[in-house]
Amino acid sequence: MYFDSAADALAMGGHGAFVWGAYGITFLIVFLVLLRPVMSIRALNAGIRQEALRKQGAQVAPENAS
Amino acid sequence: MWRIVHQFGSPPWVYGFCDRVIPWLLPITVVALLTGSVWGLLFAPTDYKQGDSYRIIYIHVPAAVVALAGYYVMALAGLVSLVWRVKLADTAMRAAAPIGAAYTAIALITGAIWGKPTWGAWWVWDARITSMLILFFLYVGVIALFEAYENKTVAARACAILSLVGTVNIPIIYKSVDWWYSLHQPASIKFTGSSAIDASMLYPLLGMIITFYALFALLMMLNLKQSLTEEYAQSAWLNKRLTA
């Protein structure tokens, strides 16, 4: 490691807030753009599976009724 | 050759490709991103002139480089969509826009944060910075334009034209530091001749540039998969895939 202590690394020679802040914001943006399609795919897939089950049920139901 | 071209235009094939690659690319990219950040933040040496604030370079430069490269992806997809009317090409064009906007935002925000301790100002209306802001508006413009039209075929065509016209901005961004007197420094990494940056700083920087490209590819596949799932929710091939 380049720094002598964790406190030194945190301080970044007086520019700690700038450096860590820049990395923090970057990781937040990356996390959000990753999360958006992942959550959307999950929700869409659940909808498609449910719809498929419903159709299957509708096909089976008339036979059960007779 | 034609078989490959045909596959790229086939939604089930592209969906399957994304589905297979994402589980590998996602963990690799996350690990590379964390490793590269720790390398740049804690292990690379301090700059003799700027001190530790220079460490922002390891996210600022990769984000800016890939934000520009991403524009080519979007414009090229727009061209294919306009000329050959390939539906998948306008899906790809729309997949690239939010990623490009996010990368440009990262470049602008980290640039502002870097500018404060280095230049003494968060923002200056400098050629490089202003042309990057225009790039951000172009990306956001493509997203907004697509939403503005009720008819999505017309929307896709308008977006393709906007992204093609916006290509004019790309050489301006590249050349801005040479054409105008600018606070922003010119490129330190050169493909020909020696770079103006030491190997101990160059390697983590190159590593982060490659990682940001990989992240772009990953996000592109995720967005494509998302759009295809939405567009083909009623199709037999997707239903078979998901319920099998």
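Is it the case that B:Ser163 is surrounded by 13 or more Cβ atoms within 10 Å (Cβ to Cβ) and under 19 Å from the mean Cα position of the chain (by Cα)? Considered against the rule, which asks whether it is surrounded by 13 or more Cβ atoms within 10 Å (Cβ to Cβ) and under 19 Å from the mean Cα position of the chain (by Cα), B:Ser163 comes out as yes. Looking only at residues in region B:145-160 that are open to solvent by 60 Å² or more (accessible area, probe 1.4 Å) and assigned to a helix (DSSP H, G or I), the one that is nearest to B:Val83 (Cα to Cα) is B:Arg157. Please determine, by comparing only the residues of region A:12-38 that are modelled with pLDDT under 85 and at the interface with chain B (Cβ under 7 Å from one of its Cβ atoms), which one is most open to solvent (accessible area, probe 1.4 Å). Top of the filtered list is A:Gly13.
Residue by residue, here is whether (1) more than 10 Å from every other protein chain (Cβ to nearest Cβ); (2) at pLDDT 95 or above; (3) open to solvent by 40 Å² or more (accessible area, probe 1.4 Å) holds:
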| position | (1), (2), (3) |
| --- | --- |
| A:Leu10 | yes, no, yes |
| A:Ser40 | no, yes, no |
| A:Ala43 | no, yes, yes |
| A:Gly47 | no, no, no |
| A:Ala52 | no, no, no |
| A:Pro62 | yes, no, yes |
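Filtering region B:117-143 to residues that are in a loop (DSSP other than H, G, I, E, B) and of a type in the set (Phe, Trp, Tyr) leaves B:Trp122, B:Trp123, B:Trp125. Looking across region B:225-241, the residues that are facing chain A (nearest Cβ under 9 Å), surrounded by 16 or more Cβ atoms within 10 Å (Cβ to Cβ) and under 23 Å from A:Leu35 (Cβ atoms) come down to B:Lys225, B:Gln226, B:Ser227, B:Thr229, B:Leu238. For region B:1-101, the helices (runs of 4 or more DSSP H) that sit wholly inside it and include 1 or more residues that are of a type in the set (Lys, Arg) are B:2-8, B:11-38. As a summary of the residue check, B:Asp198 satisfies the conditions (1) among the charged types (D, E, K, R); (2) over 21 Å from the mean Cα position of the chain (by Cα); (3) modelled with pLDDT of 90 or more except for the one numbered (3). Would you say B:Ser37 is of a type in the set (S, T, N, Q), surrounded by fewer than 16 Cβ atoms within 10 Å (Cβ to Cβ) and on the phi < 0 side of the Ramachandran plot? Here the answer is no, as B:Ser37 does not meet what is asked. Of the residues in region B:3-11, at least one is in contact with a helix residue (DSSP H, G or I) (Cβ under 6 Å, 6 or more places away or on another chain), free of Cβ contacts under 8 Å to residues at least 24 places away in the same chain and more than 20 Å from B:Thr153 (Cβ to Cβ). For first residues located in region B:39-59 and at the interface with chain A (Cβ under 7 Å from one of its Cβ atoms), partners that are among the polar types (S, T, N, Q) and part of a helix (DSSP H, G or I) and lie 6+ apart or on another chain with Cβ distances below 6 Å form the pairs B:Pro45/B:Ser200; B:Ile56/B:Thr110; B:Ile59/A:Thr26; B:Ile59/B:Thr110. Can you pull out every residue in region B:171-194 that is open to solvent by less than 50 Å² (accessible area, probe 1.4 Å) and touching a helix residue (DSSP H, G or I) at 6+ places or on another chain (Cβ under 6 Å)? The answer is B:Ile173, B:Ser176, B:Val177, B:Ser182, B:His184.
When B:Met74 is tested against (1) farther than 22 Å from B:Ala112 by Cβ; (2) away from chain A (no Cβ under 14 Å); (3) open to solvent by 10 Å² or more (accessible area, probe 1.4 Å); (4) not acidic (Asp, Glu), just one condition goes unmet, and that condition is (3).
The values are calculated or read from the model by the stated rules, or taken from the named source; none is laboratory data. Bear in mind the structure is a predicted one, so any value in this text is a computation, not a measurement. We place every Cβ from the backbone using ideal geometry, glycine too, and count neighbours over all the protein chains shown. The protein model used for the area step is the full one, side chains on, heavy atoms only, and it has no ligands, DNA or RNA in it. Shrake-Rupley method; radii C 1.70, N 1.55, O 1.52, S 1.80 Å.
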